[in-house]
Amino acid sequence: MRKSRFSETQIVSILKEADSGIPVKDLCRKHGISDATYYKWKSKYGGLEASELKRIKELEQENARLKRMYADLALENTAMKDLITKKL
């Protein structure tokens with residue numbers, strides 16, 4: 001997937017500009033984005049603050065770490081079960 005040229009905090013600030021009353025067409029022209037991009041961002045990030053966005057990123061990273069830990073433990077568990085069944 002292609003990396004956006006805008007960071008998530010920049011996206012939130014662009015959405016805040018639109019909330020302050022600037023027309024969407026002017027905002028999109030100013031930042032060089034399409035209307036579709038603006039509305040996609042609004043559906044994904046609408047109503048979020050920068051601090052909430054940071055917290056969400058931290059939770060996603062923690063979740064990924066826990067999934068890796070679970071996968072490792074599940075693999076070890078399967079290997080142990082196979083070893084036990086072979087000995088019996």
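Please treat every number below as a calculation from the coordinates, not as lab data. This structure is a prediction, so every number in the text was calculated from the model and none was measured.
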Relative contact order of the chain (C-alpha contacts under 8 Å, at least 6 apart) in percent is 28 percent
Over the stretch 1-48, the quotient of the Cα radius of gyration and 2.2 N^0.38 Å is 1.05
If N is the residue count of the chain, its Cα Rg over 2.2 N^0.38 Å rounds to 1.83
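Give the whole-number value, in cubic angstrom per residue, of the convex hull volume spanned by the C-alpha atoms of the stretch 39-88. Intermediate results must be reported in sequence, preceding the final value.
On the way: hull volume 3.9 nm³, N = 50.
Cα convex hull per residue, to the nearest whole number: 77 Å³.
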Pairs over 32 Å Cα to Cα, from Lys16/Lys67; Lys42/Lys67; Lys44/Lys81; Lys40/Lys67; Lys25/Lys54; Lys30/Lys54, come to Lys16/Lys67; Lys44/Lys81
